1. With surrounded by 13 or more Cβ atoms within 10 Å (Cβ to Cβ) and in contact (Cβ under 8 Å) with a residue 60 or more places away in the chain as the only criterion, which of Thr30, Thr56 stands out?
2. Among the numbered criteria (1) within 24 Å of Ala90 (Cβ to Cβ); (2) touching a residue at least 12 places away in the same chain (Cβ under 8 Å); (3) among the polar types (S, T, N, Q), which single criterion is violated by Ser36?
3. Looking at Lys81, is it over 15 Å from the mean Cα position of the chain (by Cα), among the charged types (D, E, K, R) and at pLDDT 85 or above?
4. Looking at region 104-116, can you tell me whether even one residue there is in contact with a Phe, Trp or Tyr (Cβ under 6 Å, 6 or more places away or on another chain), modelled with pLDDT under 90 and not hydroxyl-bearing (Ser, Thr, Tyr)?
5. Given the condition in contact with a Phe, Trp or Tyr (Cβ under 7 Å, 6 or more places away or on another chain), buried (at least 20 other Cβ atoms within 10 Å of the Cβ) and modelled with pLDDT of 90 or more, answer yes or no: does some residue in region 66-78 qualify?
6. State the number of residues belonging to region 33-44 that are in a helix (DSSP H, G or I) and crowded, with 20+ Cβ neighbours inside 10 Å.
7. Is it true that Gly24 is closer than 12 Å to Val84 by Cα and touching a residue at least 12 places away in the same chain (Cβ under 8 Å)?
8. Does Arg15 meet the test of being under 18 Å from Ser100 (Cα atoms), among the charged types (D, E, K, R) and crowded, with 17+ Cβ neighbours inside 10 Å?
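The values are calculated or read from the model by the stated rules, or taken from the named source; none is laboratory data. Remember, predicted model here, so these are calculated numbers, not experimental data. Cβ sites come from the backbone with ideal geometry, for glycine too, and all protein chains shown count toward neighbours.
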Amino acid sequence: MGHLAQREEVLRELRKRLHRNPIGLPEHATAYEILSILFSEREAWVGARFPFGAVTLKEISQAVGIAEPELSEILEGMARKGLVISTKKAEERRYVLAMSMTGFFEFSFLWSCDCLPRELLYEQVYESRQIRVL
């Protein structure tokens, strides 16, 4: 039971972080269901602590306290699911945490990643139309 409570807390932290974006993610049960489909617990933990803007692997590593080699693997998995956007500028890779409503919802559907239960995700996003942005 403790593990479930810990996962729920991490998802609450992630939702709060995403709500601080220009287009936020309001408190709603469906929002948590969607986040739990898209993010593993480790990815949610990284996302909740993700710095704002386009940041380097080193900057993210310092913010989340995970060594760069392990963090790089986590971020690449998140990028495959459309949860982060990865760009390269001046030979340096930078990452941006995708926004929720106009970001990872769309990216998750556009990119072909068999790592997500698409039908369940479609149903939850459809249900999320009930979420009102404040």
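1. One residue alone meets the criteria, Thr30.
2. Ser36 satisfies all of (1) within 24 Å of Ala90 (Cβ to Cβ); (2) touching a residue at least 12 places away in the same chain (Cβ under 8 Å); (3) among the polar types (S, T, N, Q) except (1).
3. So Lys81 fails the test.
4. Within region 104-116, none of the residues are in contact with a Phe, Trp or Tyr (Cβ under 6 Å, 6 or more places away or on another chain), modelled with pLDDT under 90 and not hydroxyl-bearing (Ser, Thr, Tyr).
5. Yes, region 66-78 contains a residue that is in contact with a Phe, Trp or Tyr (Cβ under 7 Å, 6 or more places away or on another chain), buried (at least 20 other Cβ atoms within 10 Å of the Cβ) and modelled with pLDDT of 90 or more.
6. Total meeting the criteria: 5.
7. Against the criterion (closer than 12 Å to Val84 by Cα and touching a residue at least 12 places away in the same chain (Cβ under 8 Å)), Gly24 does not qualify.
8. Here the answer is yes, as Arg15 does meet what is asked.
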